[in-house]
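Following: one structure in structure tokens, then a few remarks.
The values are calculated or read from the model by the stated rules, or taken from the named source; none is laboratory data. Everything numeric in this text was worked out from a predicted model, so none of it was measured. Because the Cβ atoms are built from the backbone with ideal geometry, glycine has one as well, and the counts that use them run over all protein chains shown.
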Amino acid sequence: MKNIAEVKAGVAVLIFNENYQVLLQKRADVGLWGIPSGHIEIGETVSEAAIREVKEETNLDIRINKLIGVYSDPHSQVFSYPNGQVVHFITTCFLAEIIGGELICNLEESIEMKFFDVHQLPKDLLKMHPRWLDDALANRERAFIR
């Protein structure tokens, strides 16, 4: 396993439009597509962090509808940044709906934002994100712990 520098608490938010397409962002830091996600800041709850991250990255206002799961497996949750930093994320993943705002790409964090058909996802997707999407699509009542 890679030399992990730290463990961080993260959040991810799956958002579907009326055509049941999933919102993805092409991240500026690694140039890969992924589900809107980020870090929890000191003093925030996981739901506050999820709402804030989506607002910062997409300009959308959301309502959290469901906990999809909590993900901590080092085989999928270790992320290497271009600067060489290696972080093990414990990610709380939510399903949310858009309640306001207009989709605008924050160019400091993203290259592009786009809704994709769940069967036609981009090939350059972050390695842990397909699991989160599959779990959301499972439409299971109980949350996953992976």
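So here's what we get for this one:
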| quantity | calculated |
| --- | --- |
| Residue tally, condition assigned to a strand (DSSP E or B), in contact (Cβ under 8 Å) with a residue 40 or more places away in the chain and over 14 Å from Gly34 (Cβ atoms), over segment 89-114 | 9 |
| Segment 102-146: number of residues that are of a type outside the set (Phe, Trp, Tyr) and farther than 15 Å from Phe16 by Cα | 23 |
| Strands (runs of 3 or more DSSP E) enclosed by segment 1-76 - at least 1 residues per element that are of a type in the set (Lys, Arg) | 6-15, 22-27, 60-71 |
| Condition met for Pro74 (modelled with pLDDT under 95, out of contact with any Phe, Trp or Tyr (no Cβ under 6 Å at 6 or more places or on another chain) and over 21 Å from Gly31 (Cβ atoms)) | yes |
| Hits in segment 132-146 (condition: closer than 13 Å to Asn65 by Cα, outside any helix (DSSP H, G or I) and in contact (Cβ under 8 Å) with a residue 24 or more places away in the chain) | Ala143 |
| Subset tally (residues that are surrounded by fewer than 13 Cβ atoms within 10 Å (Cβ to Cβ) and hydrophobic (A, V, I, L, M, F, W, C)) for segment 105-131 | 1 |
